Amino acid sequence: MNSVGEACTDLKRDYDQCFNRWFADKFLKGDRSGDPCTETFREYQRCVQKAIREKDIPVDGVEFMGPNKDKPES
Amino acid sequence: MVKYFSNNIDIRSTWDHVVSAFWQRYPNPYSTHVLTEDVVYREVTADHRLLSRRLLMKTNRLPRWAEYLFPGGMSRSVYIIEDSIVDPVNRSLTTYTWNLNHTTLMSVEERCIFRDSVEQPATTQLKREAWISSNVYGFSRPIQEFGLARFKSNQVKAMKGLEYALSNLQGETPQRLLRDSVKGASEKAKETAKSLASAAAVPQKPRQYV
């Protein structure tokens, strides 16, 4: 799958691979021994955040789960 | 005025598989309208929940009658945010998805909650809700109707995409992992979309509106 930043797709794939392995093997099993993907995530973020700024995508300052606040509990 | 929609689906896979597949569902044969996908934020909280934000870019294909409402033209891409919380202790995945742009035309917000099925083993229950609204003066009702019909048909694609990702995960050829009740819903959605298209009285060949 492509990244919104054309130059970031390879970095994204490296990160995704690391994350998917960690998620299934460690996170879901309750293993809290730490995240092996921090470095690859950092590199990927450096690239994609730059692309987001360049393309003026209005993600900045959008509150996490923002619109969910005014919805009734499921 | 907001259109509200909700339904429940059973997915014949364990919650662990469903949540893992959730991250791996793009690309899939049913998601050609999704152009890019990026994780733009991620954090493991002190109580061991995973918070994530994904940014998606999708094509925006509208029926011609809706395009006429914006004579200046509009960008072909829709940016969508998907925020999610994975709670591996309570075994729930909650996602909240909404579009960042084109919100005057239509705002679609969707909340999904994935949990272990209470009634059936090795099954995950998905509760899905959507809120659809439009702020185009004089046209909000037909736009909302269109939005709801498209949402329902997109939902079928989304489930097929998840099913596809689940099959890949489990190393099997794609098989029917969804209960048949979903098939009934997809037939209904096609009918609704067709009748709306003809009600809009635009003489064109039936197209799939993504």
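Considering segment B:1-88, the qualifying strands (runs of 3 or more DSSP E), each wholly inside and each with 2 or more residues that are over 23 Å from residue B:129 (Cβ atoms), run over B:34-44, B:50-59.
For the residues A:40, A:9, the requirement of being of a type in the set (Val, Ile, Thr), under 25 Å from residue B:78 (Cα atoms), in a helix (DSSP H, G or I) and at pLDDT 95 or above singles out A:9.
Whether any residue in segment B:83-90 is touching a Leu at 6+ places or on another chain (Cβ under 9 Å), more than 10 Å from chain A (Cβ to nearest Cβ) and modelled with pLDDT of 95 or more is what I want to check. For segment B:83-90, residues touching a Leu at 6+ places or on another chain (Cβ under 9 Å), more than 10 Å from chain A (Cβ to nearest Cβ) and modelled with pLDDT of 95 or more: present. Among the residues that make up segment B:10-27, is at least one of them within 11 Å of chain A (Cβ to nearest Cβ), within 16 Å of the chain's Cα centre (by Cα) and closer than 22 Å to residue A:53 by Cβ? The answer is no; no qualifying residue exists.
Residue B:46 - would you say it is surrounded by fewer than 18 Cβ atoms within 10 Å (Cβ to Cβ), more than 10 Å from every other protein chain (Cβ to nearest Cβ) and either modelled with pLDDT of 95 or more or closer than 23 Å to residue A:65 by Cα (or both)? Yes; evaluated as a whole, the condition is true for this residue. Screening residue B:128 against (1) among the basic types (Lys, Arg); (2) at pLDDT below 90; (3) under 23 Å from residue B:32 (Cβ atoms); (4) under 18 Å from the mean Cα position of the chain (by Cα) leaves a single unmet condition, (2). Among the residues of this structure, residue B:115 does not count as one that is buried (at least 16 other Cβ atoms within 10 Å of the Cβ), touching an Asp or Glu at 6+ places or on another chain (Cβ under 6 Å) and either within 8 Å of another protein chain (Cβ to nearest Cβ) or more than 23 Å from residue A:62 (Cβ to Cβ) (or both).
Of the numbered criteria (1) facing chain A (nearest Cβ under 7 Å); (2) touching an Asp or Glu at 6+ places or on another chain (Cβ under 6 Å); (3) of a type outside the set (Phe, Trp, Tyr), the one residue B:6 fails is (1). Filtering A:50, A:55, A:29 for residues that are of a type outside the set (Ser, Thr, Tyr) and surrounded by fewer than 12 Cβ atoms within 10 Å (Cβ to Cβ) leaves a single hit, A:29. Name the residue that is farthest from residue B:63 (Cα to Cα), counting only residues in segment B:117-167 that are in a strand (DSSP E or B) and of a type outside the set (Gly, Ala, Ser). That would be B:124.
The values are calculated or read from the model by the stated rules, or taken from the named source; none is laboratory data. No experiment lies behind these values; they were computed from the predicted model shown. Neighbour counts are summed over all protein chains in view; Cβ atoms, including those assigned to glycine, are modelled from backbone coordinates with ideal geometry.
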